[in-house]
Amino acid sequence: MSTITQVEAILKTTSKELEQIGEKILAEQRITPEEGLLLFEKGTLSYLGALANQVRERRHGNKTYFNRNFHIEPTNVCVFTCHFCSYSRVYAHRDEGWELSQQQMLDIVKSYDGKPVTEVHIVGGVHPKMNMEFFVEVLKKIKAHRPDLHIKGFTAVELDYMFRKAKLTIEEGMHRLHEAGLDSMPGGGAEIFHPDVRQVICADKVDADGWLKIHEAAHREGMHTNATMLYGHIETYAHRIDHMQRLRDLQDRTGGFNTFIPLKFRNKDNDMSHVSESSIVEDMKLYAVARLYMDNFPHLKAYWPMLGRQNAQLTLSFGVNDLDGTIDDTTKIYSMAGSEEQTPSLSTAQLVSLIRQVGREPVERDTLYNEIKNYKDVDLNTINSDPSLN
Ligand code: V47
Ligand code: SF4
């Protein structure tokens, strides 16, 4: 039986309304917010998984992308007080946190000299003294040292603060950073856009419109960006659909988003520790609905340090086609929030084998999803012994 016939057979086992939504998806038609909501409310794991997998394989076949990157977190001192955040320290308690100098950041970049990384991911807290000028210099220094290294940096939350302090319009600020060497933006800071939730979990930082305007300006400047959604806390299914709808609308206008990244809320050591975490079944349903709803997003990413390696493997059957990267990392944002991954770093061989174990084809990509190397038939021992691959 072809996979499409298998999916059609699963559709027949559901209600008429779910069957009709499934047929729409198989015919590559867009689903409405009401239909998206119904998928969350009534879709079974097998129904959602079969459909999401069909969409994933239609777009990407068996390919599962990863990149070789490292993270720099300039500081964990932050002027904001998001209740889900386990990582930041308020300015008054900055002695408990860290603040990297320009030289320290450059030294981290230099420590990768001769290693085949293609991307540095720079994200941190919003420090009142680390301003636009400071980061323009950092970007220029990194580019002067390693021009081919793609710099993906700064959430819309960091940029909103930076631009306002520098008294620049979003367009001016974005242009200046782009000129200094910023190549693209990560998707953080989106959380949940709907004000009913945003006011409760992160009232003091940039709102939905501000976040979306910054990404739109980046797209108009010719840069690509990602988008995230922090799920599994106090939000309802309707809030998730509202969030995805706003992103889908912007993507229709600009086409500048590469990847949608659902981020599972982790509850250790933050003001929301009393909120339970979502179950694995709910996680997989969310990934599947995201794949079905975000029809104009080319890629769906599972961020393995937060989900854990085995759950990240599972997502590859629920619509996901990207596992981020090797993430050689001093990153604390997830280990501090309760992720099982205390040292978020995987070798290329480990990542390749994780992907192969679930029958997928590992493909190394650059930040913009140009393929660098297909690891389908590469021997794991070769990967371990070849310095250009590690
Ligand atoms: O915006 C903070 C999240 C985000 C918690 O674009 C938490 O490639 C779960 O956006 N539980 C920052 N999540 C990280 C981010 C990201 C990560 C990897 C790749 C990319 C990309 C972007 O981390 C924040 C927030 O949503 N976060 N605290 C927590 N307790
Ligand atoms: Fe600051 Fe980001 Fe933590 Fe919010 S999530 S408190 S903006 S570091």
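The values are calculated or read from the model by the stated rules, or taken from the named source; none is laboratory data. What you see is a predicted model; the values in this text were computed from it and never measured. Here Cβ is always computed from backbone atoms with ideal geometry, including for glycine, and neighbour counts include all displayed protein chains. Note: areas computed on protein heavy atoms with side chains; ligands, DNA, RNA excluded. Shrake-Rupley method; radii C 1.70, N 1.55, O 1.52, S 1.80 Å.
Residues of region 119-129 being at pLDDT 95 or above and open to solvent by 20 Å² or more (accessible area, probe 1.4 Å), which ones? Within region 119-129, His121, Val123 qualify.
Just one residue in the set Lys213, Lys205 is out of contact with any His (no Cβ under 6 Å at 6 or more places or on another chain), open to solvent by 50 Å² or more (accessible area, probe 1.4 Å) and over 18 Å from Phe318 (Cβ atoms); that residue is Lys213.
Annotation: Lys167 fulfils all but one of (1) more than 19 Å from the chain's Cα centre (by Cα); (2) assigned to a helix (DSSP H, G or I); the unmet one is (2).
Exactly one residue out of Thr367, Thr315, Thr331 is at pLDDT 95 or above, of a type outside the set (D, E, K, R), assigned by TED's automatic domain parsing to the domain that holds Ser88 and touching a His at 6+ places or on another chain (Cβ under 9 Å), and it is Thr367. The selection criterion, being touching a residue at least 12 places away in the same chain (Cβ under 8 Å) and within 16 Å of ligand 1 (Cβ to nearest atom), does not hold for Thr44. Of everything in region 373-390 that is surrounded by fewer than 16 Cβ atoms within 10 Å (Cβ to Cβ) and in a loop (DSSP other than H, G, I, E, B), the residue that is modelled with the highest pLDDT is Lys376. In this structure, Phe70 does satisfy being surrounded by 15 or more Cβ atoms within 10 Å (Cβ to Cβ), touching a strand residue (DSSP E or B) at 6+ places or on another chain (Cβ under 8 Å) and closer than 21 Å to Thr155 by Cβ. Cβ separations smaller than 7 Å between residues 6+ apart or across chains give the following pairs from region 105-132 residues that are in the same structural domain as Ala156 (by TED's automatic domain parsing) to residues that are within 16 Å of ligand 2 (Cβ to nearest atom) and of a type in the set (Ser, Thr, Tyr): Val123/Thr155; Gly124/Thr75; Gly125/Thr75; Gly125/Ser88; Val126/Tyr161; His127/Thr75; Pro128/Tyr91; Met130/Thr75. Could you go through region 222-244 and let me know if any residue there is under 30 Å from Val117 (Cβ atoms) and part of a helix (DSSP H, G or I). Taking every residue of region 222-244 in turn, none turns out to be under 30 Å from Val117 (Cβ atoms) and part of a helix (DSSP H, G or I).
In region 182-207, which residues are in contact (Cβ under 8 Å) with a residue 60 or more places away in the chain and either closer than 19 Å to Met244 by Cβ or not acidic (Asp, Glu) (or both)? Of everything in region 182-207, those that are in contact (Cβ under 8 Å) with a residue 60 or more places away in the chain and either closer than 19 Å to Met244 by Cβ or not acidic (Asp, Glu) (or both) turn out to be Ser184, Pro186, Gly187, Gly188, Glu191, Val200, Ile201, Cys202, Lys205.
For region 236-276, a residue qualifies if it is over 20 Å from Pro186 (Cβ atoms) and within 16 Å of ligand 2 (Cβ to nearest atom), and the qualifying residues are Asn267, Lys268, Asp269, Asn270, Asp271, Met272, Ser273, Val275.
For first residues located in region 300-326 and hydroxyl-bearing (Ser, Thr, Tyr) and open to solvent by 10 Å² or more (accessible area, probe 1.4 Å), partners that are within 14 Å of ligand 1 (Cβ to nearest atom) and assigned to a helix (DSSP H, G or I) and lie 6+ apart or on another chain with Cβ distances below 7 Å do not occur.
For the residues Val206, Val197, the requirement of being outside any helix (DSSP H, G or I) and of a type in the set (Val, Ile, Thr) singles out Val206.
Restricting attention to region 130-184 and to residues that are on the phi > 0 side of the Ramachandran plot and away from ligand 1 (no atom under 16 Å from the Cβ), the residue that is surrounded by the most Cβ atoms within 10 Å (Cβ to Cβ) turns out to be Gly181. Scanning region 87-110 for residues that are open to solvent by 20 Å² or more (accessible area, probe 1.4 Å), outside any loop (DSSP other than H, G, I, E, B) and of a type in the set (Val, Ile, Thr) turns up just one, Ile108.
Residues that are polar (S, T, N, Q) and open to solvent by 30 Å² or more (accessible area, probe 1.4 Å) within region 15-65 comprise Ser15, Gln20, Gln29, Thr32, Thr44, Ser46, Asn53, Asn62, listed in sequence order. Consider region 155-195 and keep the residues that are farther than 23 Å from His83 by Cα and among the polar types (S, T, N, Q). The one that is farthest from ligand 2 (Cβ to nearest atom) is Thr169. Filtering region 61-86 to residues that are within 14 Å of ligand 2 (Cβ to nearest atom) and in a loop (DSSP other than H, G, I, E, B) leaves Glu73, Pro74, Asn76, Cys78, Val79, Phe80, Thr81, Cys82, His83, Phe84, Cys85, Ser86.
May I ask you to verify whether Ala190 is within 16 Å of ligand 1 (Cβ to nearest atom), among the hydrophobic types (A, V, I, L, M, F, W, C) and closer than 20 Å to Thr259 by Cβ? Yes; evaluated as a whole, the condition is true for this residue. Taken together, the residues in region 349-372 that are open to solvent by 80 Å² or more (accessible area, probe 1.4 Å) and either over 27 Å from Gly256 (Cβ atoms) or charged (D, E, K, R) (or both) amount to 3.
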